[in-house]
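Worksheet: one structure, shown below.
The values are calculated or read from the model by the stated rules, or taken from the named source; none is laboratory data. In this text the structure is predicted, and so the values were computed from the model without any measurement. Quick reminder, even Gly has a Cβ in these numbers, built from the backbone with ideal geometry, and neighbours come from all protein chains shown. These accessible areas exclude ligands, DNA and RNA; they are computed on the full protein's heavy atoms, side chains included. Shrake-Rupley method; radii C 1.70, N 1.55, O 1.52, S 1.80 Å.
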Amino acid sequence: KNCMKTLNVIFCGLISLFLLACGNDLDVKYTLCKDKVSSRSKLSPNVDEHYLTYRVDGKTLKVELYNYMGSCGTEEIKVEPTRGESNQLIVKITEIGFSANCSCPMDISFSLADLKKGETYECVIQYKEPSHTTHRTLIAFTFEMKEGANGKILLYE
C-alpha cells in the first residue's frame, strides 16, 4: 500500500513538472490591432518602423516583433516553435480569427528556452493570416547563444 502511495506521489509530481515545463516555456504576449489600415498595403503610414529585436538571456532567446502587420480579423495569436535540422528553430505565428480585407500593426513577443550556449542558431519566423491555408516565411536570422547577444532587424524591406 505504501509503495503505491509513493508511486502516485512521484507520478503526480512528474506530471506537474511536465505541465509546468510545457506551459511556461514560450511566455507569449501580444497586442492586437494598434490602428487599422483600410487598404491591403502591408505598411501602415502611422507606424514608424516594423522590426524585430532579439536578445540572449541565459539559455533563453527573447524575441519581440514590433508593428508586425496582421489581419484586422485576428482575435488571437498562437505561437508554436519547432526544431528543424542542424540548429534551425522554426517559429509559427498563427493568426486566429476571421478573414478581413484590412491589416493593422501588432506587437508579439515570445521566448525560446533551453538553447545551448555557444551554439549558432537560425531562427525562421513564419506567419499565417486567417485567410491563408499555409504558413509563409516572415523573416529568418542567425544568432549566437552567448550572454548579451542581441540584434534589431527590419521586418519589411
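Odds and ends about this structure:
- Taking Ser103, Ser109, Ser86 and ordering them by how much accessible surface each has at a 1.4 Å probe, largest first, produces Ser86, Ser109, Ser103.
- Projecting label points 7 angstrom from Cα along Cα→Cβ for Lys34 and Asn101 puts them 2.7 nm apart.
- When the pairs Lys34/Lys59; Lys29/Lys152; Lys62/Lys92; Lys29/Lys62; Lys62/Lys117 are compared against a 22 Å limit on Cα-Cα distance, Lys34/Lys59 fall above it.
- Gap separating the Cα centres of the stretch 61-115 and the stretch 118-141, nearest whole Å: 8
- To the nearest 10, the accessible area of Asp114 is 100 Å² with a 1.4 Å probe.
- Of the solvent-accessible surface of the stretch 68-157, computed with a 1.4 Å probe and all protein chains present, 44% belongs to carbon and sulfur.
- Here the stretch 47-151 carries DSSP beta bridges of which approximately 85% are antiparallel, counting only pairs with both residues inside.
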